[in-house]
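For reference, the structure discussed in these notes is given below.
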């Protein structure tokens, strides 16, 4: 392609720069590309320096000038380059429209330079998407004399919360101040800041670089992707329909439906949910009951930390109980489990869907099972197992839908209360719960905040409350 100079070299001595107006015509050539000044073609070959002196500043009001000797231009691998410290910038003009070649960093507010080489080849010509002549204004000058061109890099660009990202300024043009916006409300004026993303999302990042000549902003859309960190929690649920050798029952029956449904709902396809930048997933510990051997989770003799009921964060038991314990069944018999053999350290929330376990006159006896436990739920009076209790309890905690009824998200205690009132609707029955401060307002992880219980002078501060199991309670 033959590059023909139509005669405008505009020079600005204050900024020690020169502007050359060049017209490109689509005349393909073979091995060499040519650049023309003052009508005399100069061959541009790899490594050939050219264009140091121009004396064809013929535009009215401008004078002849020379390029600074240190700004020698040369061609390498088909690109026209300025030596270190001198930079090209420019516009492409066609008719009345300005175009932005991919080789340049430009905006409508003014000319910006590109520290890289520019292409003086048919590749530049095609950027205008025109079939007629295209004019390009090129300028070279000392990089310290220009408005900065903002640019930056960062690493890592993806990860889980909390994600610490290191940002590096790569702007050219000697900026003297920097203003970063990280897309999540965070900002910085450091040159190379780091930023911690605590909430999952995709974030656009911008940098404004400034010096005495002006400022420039680069924005990278959807630049940083943050995903929630995952935490696995587990659920234990058990209870049998009939105990062997209890009340004339001859055989162990299958899992109690409310226990089975509680387990199935909490570990279903909606088992994972994000809250506060963390993705909480509820996982199966194992099936709620083994029909051959009975309960897998309770023991008469083993210590509390080894019983299965303490092997998960949420434990739900549906079965008989009394003020000082509960019953569980095996293939050959039923068994009493006394509270003195219970201590919950891993388990945070335990629901004993059992009669009188939290009877008001004896509720203080259950303080001994708290060894990290947040909330204990049960009945103050005789209770009643309803197959809807388990699944509705789950869906109230996570704002789901059960039997066509949608629920808002409730705290764990409120979910227990509202579930018993709706499923039992019996004012003669009273539910109850006990909690260690400040855990009484816990939500199911993934759906709201929860807090670890704390001790004062080595002791938990306990609270107990009961409620009538009807809609008026």
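Name the residue that is modelled with the lowest pLDDT, counting only residues in the stretch 311-344 that are touching a strand residue (DSSP E or B) at 6+ places or on another chain (Cβ under 6 Å), within 24 Å of residue 284 (Cβ to Cβ) and not in a strand (DSSP E or B).
Checking each candidate, the answer is 331.
Could you please let me know if residue 263 is in the same structural domain as residue 391 (by TED's automatic domain parsing), at pLDDT below 90, buried (at least 16 other Cβ atoms within 10 Å of the Cβ) and not in a strand (DSSP E or B)?
So residue 263 fails the test.
I need every pair where a residue in the stretch 452-466 that is more than 15 Å from residue 365 (Cα to Cα) has its Cβ under 6 Å from the Cβ of a residue that is assigned to a strand (DSSP E or B) and modelled with pLDDT of 95 or more, sequence separation at least 6 or different chains.
Matching pairs, first to second residue: 453/436; 453/460; 466/430; 466/432.
Look through the stretch 370-400, keep the residues that are closer than 14 Å to residue 355 by Cα and modelled with pLDDT under 95, and return whichever of them is surrounded by the most Cβ atoms within 10 Å (Cβ to Cβ).
383
In the list 379, 393, 328, which residue meets the criterion of being under 30 Å from residue 274 (Cβ atoms) and touching a residue at least 24 places away in the same chain (Cβ under 8 Å)?
393
Looking at (1) part of a strand (DSSP E or B); (2) in contact with a helix residue (DSSP H, G or I) (Cβ under 8 Å, 6 or more places away or on another chain), can you tell me which one residue 427 breaks?
Result: residue 427 passes all but (2).
Looking at the structure I just gave you, is residue 433 over 18 Å from residue 350 (Cβ atoms) and at pLDDT 95 or above?
no
Might you let me know whether the stretch 404-412 holds any residue that is closer than 23 Å to residue 257 by Cβ, out of contact with any helix residue (DSSP H, G or I) (no Cβ under 9 Å at 6 or more places or on another chain) and without any contact (Cβ under 8 Å) to a residue 12 or more places away in the chain?
Yes.
Among the residues of the stretch 155-175 satisfying the criterion of being at pLDDT below 95 and outside any strand (DSSP E or B), which is surrounded by the fewest Cβ atoms within 10 Å (Cβ to Cβ)?
162
Condition first: at pLDDT 80 or above and in a helix (DSSP H, G or I). Now tell me which residues in the stretch 285-310 satisfy that.
Those that are at pLDDT 80 or above and in a helix (DSSP H, G or I): 308, 309, 310.
Residue check, residue 274 against (1) within 28 Å of residue 245 (Cα to Cα); (2) touching a residue at least 40 places away in the same chain (Cβ under 8 Å); (3) touching a strand residue (DSSP E or B) at 6+ places or on another chain (Cβ under 9 Å); (4) surrounded by fewer than 21 Cβ atoms within 10 Å (Cβ to Cβ), all met but one. Which one?
(1)
Out of the stretch 345-369, which residues are surrounded by fewer than 22 Cβ atoms within 10 Å (Cβ to Cβ) and in a strand (DSSP E or B)?
Scanning the stretch 345-369 gives no hits.
Scan 239, 254, 186 and give me the residue that is in the same structural domain as residue 344 (by TED's automatic domain parsing) and in contact with a strand residue (DSSP E or B) (Cβ under 6 Å, 6 or more places away or on another chain).
239
The values are calculated or read from the model by the stated rules, or taken from the named source; none is laboratory data. None of the values given here were measured: they were computed from a predicted structure. Ideal geometry is used to build each Cβ from the backbone, glycine not excepted, and the neighbour counts take in all protein chains shown.
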